[in-house]
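Some notes on the structure that comes next.
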Amino acid sequence: MFTPILDSSQRRPLYEQLYRYIRGEIEAGRLAAGERLPSKRALAQHLSVSINTVDTAYQMLATEGYLQAVPKSGFYVCPLP
């Protein structure tokens, strides 16, 4: 499981920090197309943040085409164009 450094003292909200981290990992190829991301609950617990923080980051990435939500399965990395 990946471990971004989230800093609650920054001006940028935690969900945006997580969003930028995951997006960067996808763009750098460290998260490959088709790779399943941790569940929202597991990642929230791992990072000691709320599930809403993870959900917001995942939803933003899905909206922009970086992730695909598969019902009852999770979020998967989409291939980059």
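The values are calculated or read from the model by the stated rules, or taken from the named source; none is laboratory data. Treat the numbers as computed from the prediction; the structure is a model and nothing was measured. Heads up, the Cβs are rebuilt from the backbone with ideal geometry, glycines too, and the neighbour counts pull from every protein chain shown. Each accessible area value is taken on the protein alone, full model and side chains, heavy atoms only, with ligands, DNA and RNA left out. Shrake-Rupley method; radii C 1.70, N 1.55, O 1.52, S 1.80 Å.
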- Query: Of all residues in region 6-28, how many are loosely packed, with under 14 Cβ neighbours inside 10 Å and either touching a residue at least 12 places away in the same chain (Cβ under 8 Å) or charged (D, E, K, R) (or both)?
  - Reply: 4
- In region 29-45, anything loosely packed, with under 15 Cβ neighbours inside 10 Å, more than 12 Å from Val77 (Cβ to Cβ) and not polar (S, T, N, Q) is listed as Arg41, Ala42
- So which pairs qualify, if the first residue must be in region 55-70 and more than 13 Å from Arg23 (Cβ to Cβ), the second must be among the charged types (D, E, K, R) and buried (at least 18 other Cβ atoms within 10 Å of the Cβ), the Cβ gap must be under 6 Å, and the two must be at least 6 apart or on different chains? Asp55/Lys40
- Would you please name the residue that is farthest from Ser8 (Cα to Cα), looking only at residues in region 28-74 that are in contact with a strand residue (DSSP E or B) (Cβ under 9 Å, 6 or more places away or on another chain) and among the polar types (S, T, N, Q)? Ser73
- Scope region 46-81; condition open to solvent by 50 Å² or more (accessible area, probe 1.4 Å) and in a strand (DSSP E or B); matching residues: Gln68, Ala69, Val70, Tyr76
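Here is a yes/no grid of residues against (1) under 17 Å from Met60 (Cα atoms); (2) outside any loop (DSSP other than H, G, I, E, B):
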site	(1), (2)
Ile5	no, no
Arg20	yes, yes
Ile26	yes, yes
Leu31	yes, no
Pro38	yes, no
Ala44	yes, yes
